[in-house]
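The values are calculated or read from the model by the stated rules, or taken from the named source; none is laboratory data. Everything numeric in this text was worked out from a predicted model, so none of it was measured. So basically every Cβ, Gly included, is an ideal-geometry build from the backbone, and we count neighbours across all protein chains shown. The area values use the complete protein model at the heavy-atom level, side chains included, leaving out ligands, DNA and RNA. Shrake-Rupley method; radii C 1.70, N 1.55, O 1.52, S 1.80 Å.
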Amino acid sequence: MSFLGILYAQKDMSMKKENNPLLEPFDTPYETVPFSRIKPEHFEPAIKEEIRRTQEKIKEIRDNPERPTFENTVAALDYADLRLRRLRQILSNLNSADTNEKLQEAADKSLPLISDFYSGLMQDTALFERIRRVYERKDKLSLTDEQKMLLDKTYKAFIRSGVALPSEKRERLKEINRLLTERSLQFTKNLLHDTNEYYLHIENESDLKGLPERVKRAAAEEASKRGLKGWVFTLHYPSYGPFMKYAKRRDLREKLYRLYGSRAFKGDQYDNSTVVLDEVNLRKEKAGLLGYDTYARYVLEERMAGTPERVMDFLDELYNYAIPHARKEWKRLQTLARKDGIDTLRAWDVAYYSEQLKRRELQLDDEKLKPYFPLDKVLSGLFETARKLYGIRFEPASDIDVYHPDVQAYRVWDKDGSLLAVFYADFFPRPGKRQGAWMTSYNPQYILNGKNIRPHVSIVTNFSKPTADEPSLLNFYEVNTLFHEFGHALHGMMSQVTYPSLSGTNVYWDFVELPSQIMENWTYEPEVLKMISGHYKTGEPVPQEYIDKLKHEKQFLEGLATVRQLGFGYLDMAWHHRYPEGYKNIVQYENDAIAKTRLYPYVNGTLISTGFGHLFSGGYAAGYYSYKWAELLDADAFSIFKKNGIFDPKTAAKFRHLLEQGGTKHPSDLYLEFAGRPPKIDALLERAGFKRTEN
Ligand SMILES: [Zn+2]
């Protein structure tokens, strides 16, 4: 580029800066995001500029000639990247909820810049040296609990990223991290290849026996998309799941099962066996470099569970309660299958006979429930639940800018009349919104210069849109989804901490689902059901007999479901804690790890690990147990509400206090404050039906 070219480019950049709303203070109510003024092309230059500004602030902290203190180093660092974090949140939130090609491009270009910036920051030895000097004097500094936590968290984050290692080891750690990223991408690629490559093609309608019409229709569409006659069932769950559940033809179930179970395990170039072993070995080496004997120990240090031993104890305890029930349930399925001439139940029979049994015993039809749960009714009942618990009030705010006409913004008022939070609700599917439901934040809560900055929190779902003759109607699963995400939102909105990185949902990973899952318990309470249900034609609340069935459904085949989850948990711990002791080959190793949870014969040529994305391309390594762990917490916490009254003001105030403190204390301490004792497993066992019928 010529000199003139550079000048021109710079001028061009500075002109853009002037008109870039992302680089100016937001002059909106509560400094909410001015969505309608933001264009996709604003992000990249804004993020580049904001990285530069943040680097300057960090340089000031690092080069400060004064002796390092908590304030001038640790606290200063936590506030230094506030704006950058905010830009990242806005971009990734929009990219999930309302994306388009241009926005995706902006995300692809800008998000790696941000993660590069943070990787660099964590390797800043001079900055770390200042933090270390504060950390070493921490007992002499008379810090508050929250300050101690921030100091601890900051120091550990640097240590765990390897900054204190000798340079040779540090280089190796960098290399390991690079390889791990590469392997996990390879894992996803291989799995996706096989998921897309293999499918079941059916040409005779008689082979579809048992399948509901909508499942057949989807399969016919899938076939015509591929230019094929008849019906196609793929290995993607929305197609695979219903086939296994409903298809009467056992040989076809077996065929599809074998295709599914052998994904990325066919001995060809897409086989994940070596990828799995590589990842496990690299993780173990990484843990070793950082001074831990196993990867699980490294991960669990920053979890509520704390140690691998504690996790194993928890899995074993639950296993001992669940396994007799699982065996009994298994026999019931077997008895049912025998009527069809099946002597030994195999893996491809489980979903089918579970569904058959469920139909006989429960006769629960989702479609019958839906008319009782119009979204507006559920939402107003949910707000009422929050008011009764915490005294907070939701008021629609048309003056607050939103990113799509379907999004509704609210002011959330606290019981003393002050503003608690801004809340966005985005309920309906559209192109550009990803699947599922989630809570996120556009601004965290924190205190700066004595001012309590209130959070901006959002929930996003994919509920069916109202039509000309029907409002948006939710099935009961969706009612629970709404309560669940709202529980996360409360965690964000209630926050009352000082430092942004400790606020709201910034808690240990196996604790974050307590506030969300506990909310789901209220949906089964008759008092709440009256508030959240009303037939959209008659206004009548949902009949009690349906509710009883729903409660019963919670325990239906729960032994089998629990043991299955425990199997995954054991497999996870085998790879990340026990490994490599006893390792022979991958099939043997996996089978040994889950042997005591297996109720049916192993199917040759299939493997769980090579398709287990949670462990090898997601964030669940040494963390799978947390699904059940969170259930233990929410069941136990709700049992305290049940005992004192589901709207008991004192219990609610205590739970609110737990929410308010975010990540400023260890979750075990927060829980102890709330419950007056550590969590117990009993309520979970009772809810699952394991305690009552135990003999
Ligand atoms: Zn959740």
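Once you list every other residue whose beta carbon is under 14 Å from the beta carbon of GLY619, what net charge do they have if Lys and Arg are +1 and Asp and Glu are -1? If you can, show how the numbers build up before the last one.
Details: positive: ARG283, ARG303; negative: GLU279, GLU302, ASP510, GLU513, ASP572.
With Lys, Arg at +1 and Asp, Glu at -1, the net is -3.
Could you work out the per residue convex hull volume over the alpha carbons of region 529-588, in cubic angstrom?
Numbers: hull volume 8.5 nm³, N = 60.
Convex hull volume per residue, Cα atoms: 142 Å³.
Enumerate the calculated ³J(HN,Hα) couplings along region 157-165 in order (Karplus 6.51 cos²θ - 1.76 cosθ + 1.60, θ = phi - 60°), each rounded to whole Hz, writing x wherever the residue is Gly or Pro.
4, 5, 4, 5, 8, x, 4, 8, 6
Wrap a convex hull around the Cα atoms of region 405-512, take a quarter of its surface area, and give that in square nanometres. Kindly include the intermediate steps, with their values, before the conclusion.
Numbers: hull surface 35.3 nm².
So the Cα hull casts an average projection of 8.8 nm².
If you bin the C-alpha pair distances of region 71-156 every 10 Å from 0, what whole percents do you get?
Percent of pairs per bin, in order: 15, 37, 25, 17, 6, 0.
Starting from region 243-301, pick out the GluC sites (Glu not before Pro) whose DSSP state is loop and whose Cβ has at most 16 other Cβ atoms within 10 Å. Mind showing how you got there, number by number?
Numbers: sites: GLU254, GLU279, GLU285, GLU301; in loops: GLU301.
Those satisfying the criteria are GLU301.
What is the set of long-range amide H partners of TYR442 at a cut-off below 5 Å, with H atoms built 1.01 Å from backbone N?
Answer set, sorted by chain and number: HIS456, VAL457, SER458.
Any idea what diffusion coefficient region 468-537 gets from Stokes-Einstein, in µm²/s, Kirkwood Rh on alpha carbon pairs, 37 °C, 0.692 mPa s? Walk me through the numbers on the way to the answer.
Details: Rh = 13.9 Å.
Rounded to a whole number, D works out at 236 µm²/s.
If we sort 609-616, 29-36 on the protection proxy, mean other Cβ atoms within 10 Å, highest first, what's the order? Could the numbers behind the result be given before it?
On the way: 609-616: 21.8, 29-36: 16.6.
Answer by packing, highest mean first, reads 609-616, 29-36.
For each pair in LYS554/LYS691; LYS229/LYS339; LYS530/LYS654; LYS388/LYS537; LYS388/LYS691; LYS245/LYS554, compute the distance between the two Cα atoms and list the pairs where it is over 22 Å.
Values: LYS554/LYS691 14 Å; LYS229/LYS339 34 Å; LYS530/LYS654 26 Å; LYS388/LYS537 27 Å; LYS388/LYS691 32 Å; LYS245/LYS554 18 Å.
The pairs that break the limit, which is 22 Å between Cα atoms, are LYS229/LYS339; LYS530/LYS654; LYS388/LYS537; LYS388/LYS691.
Equivalent ellipsoid semi-axes for region 319-469, as square roots of 5 times the alpha carbon gyration tensor eigenvalues: give them largest first, rounded to whole Å.
On the way: eigenvalues 419, 84, 52 Å².
Output for region 319-469: semi-axes of 46, 21, 16 Å.
Carbon and sulfur together cover what percent of the accessible area of the chain at a 1.4 Å probe radius?
Of the solvent-accessible surface of the chain, carbon and sulfur hold 50 percent.
Around LYS266, with a cut-off of 13 angstrom between Cβ atoms, what is the net charge of the other residues, counting Lys and Arg +1 and Asp and Glu -1? Walk me through the intermediate numbers first.
On the way: positive: ARG258, ARG263; negative: ASP194, GLU197, ASP268, ASP271.
Result for the local shell: -2.
Place the peptides 180-190, 486-496, 255-265 in order of packing, highest mean first, counting for every residue the other Cβ atoms within 10 Å and averaging per peptide. Walk me through the numbers on the way to the answer.
Values: 180-190: 17.5, 486-496: 25.5, 255-265: 21.3.
Result, highest mean first: 486-496, 255-265, 180-190.
For the chain, with every protein chain kept in place, what is the accessible area per residue (1.4 Å probe, Å²)?
Result: 46 Å² per residue.
Percent of Cα-Cα pairs per 5 Å bin, from 0 to the last occupied bin, for region 114-164, please list those.
4, 20, 29, 22, 14, 7, 3, 0
Determine, for each peptide in 232-238, 397-403, 454-460, the mean count of other beta carbons within 10 angstrom over its residues, then list the peptides with the highest first.
Values: 232-238: 17.9, 397-403: 16.3, 454-460: 24.4.
By packing density, highest mean first, the sequence is 454-460, 232-238, 397-403.
How many percent of Cα pairs in the chain exceed 42 Å? Before the final figure, lay out each step's value.
Details: 77941 of 241165 pairs.
So the pairs more than 42 Å apart make up 32 percent of the total in the chain.
Strictly over 32 Å apart at the Cα level, which of LYS248/LYS642; LYS255/LYS368; LYS328/LYS628; LYS216/LYS584 would you flag in this model? Could the numbers behind the result be given before it?
Numbers: LYS248/LYS642 43 Å; LYS255/LYS368 34 Å; LYS328/LYS628 21 Å; LYS216/LYS584 44 Å.
Flagged as over cut-off: LYS248/LYS642; LYS255/LYS368; LYS216/LYS584.
Under 37 °C and 0.692 mPa s, how fast does region 495-649 diffuse according to Stokes-Einstein, given a Kirkwood radius computed over C-alpha pairs? Answer in µm²/s, whole number. Let's see the in-between values first.
Numbers: Rh = 19.1 Å.
Here the translational diffusion coefficient equals 172 µm²/s.
Take every Cα-Cα distance within region 133-210, group them into 5 Å bins from 0 onward, and report for each bin the whole-number percent of pairs it holds.
3, 11, 11, 10, 9, 9, 9, 8, 6, 5, 5, 5, 5, 2, 2, 1
What aspartates and glutamates could a cross-link reach from LYS59, if we take a straight Cα to Cα line under 18 Å and drop same-chain neighbours fewer than 8 places away?
Within reach: GLU49, GLU50, GLU71, ASP78, ASP81, ASP116, ASP124, GLU129.
Would you kindly compute the Cα radius of gyration of region 584-695 and its largest Cα-Cα separation (Dmax), both in Å?
19.3, 57
Quick check: net charge around GLU66, other residues with Cβ under 13 Å of its Cβ, Lys/Arg +1 and Asp/Glu -1? If you can, show how the numbers build up before the last one.
On the way: positive: ARG62, ARG67, ARG130, ARG133; negative: GLU60, ASP63, GLU71.
Once all neighbours under 13 Å are counted, the net charge is +1.
Which whole-Hz couplings ³J(HN,Hα) result when phi for each residue of region 474-479 is put into the Karplus expression 6.51 cos²θ - 1.76 cosθ + 1.60, θ = phi - 60°, listed in order with x for Gly and Pro?
My calculation for region 474-479 gives 9, 7, 5, 4, 6, 4 Hz in order.
Per residue of region 611-626, what does 6.51 cos²θ - 1.76 cosθ + 1.60 with θ = phi - 60° give for ³J(HN,Hα)? Whole Hz please, x for Gly and Pro, Karplus curve as stated.
x, 8, x, 3, 8, 10, 9, x, x, 9, 4, 6, x, 5, 4, 5
Can you quote the Å³ per residue value for the convex hull of the Cα atoms in region 463-580, rounded to an integer?
On the way: hull volume 20.0 nm³, N = 118.
Dividing the Cα hull volume of region 463-580 by its residue count gives 169 Å³.
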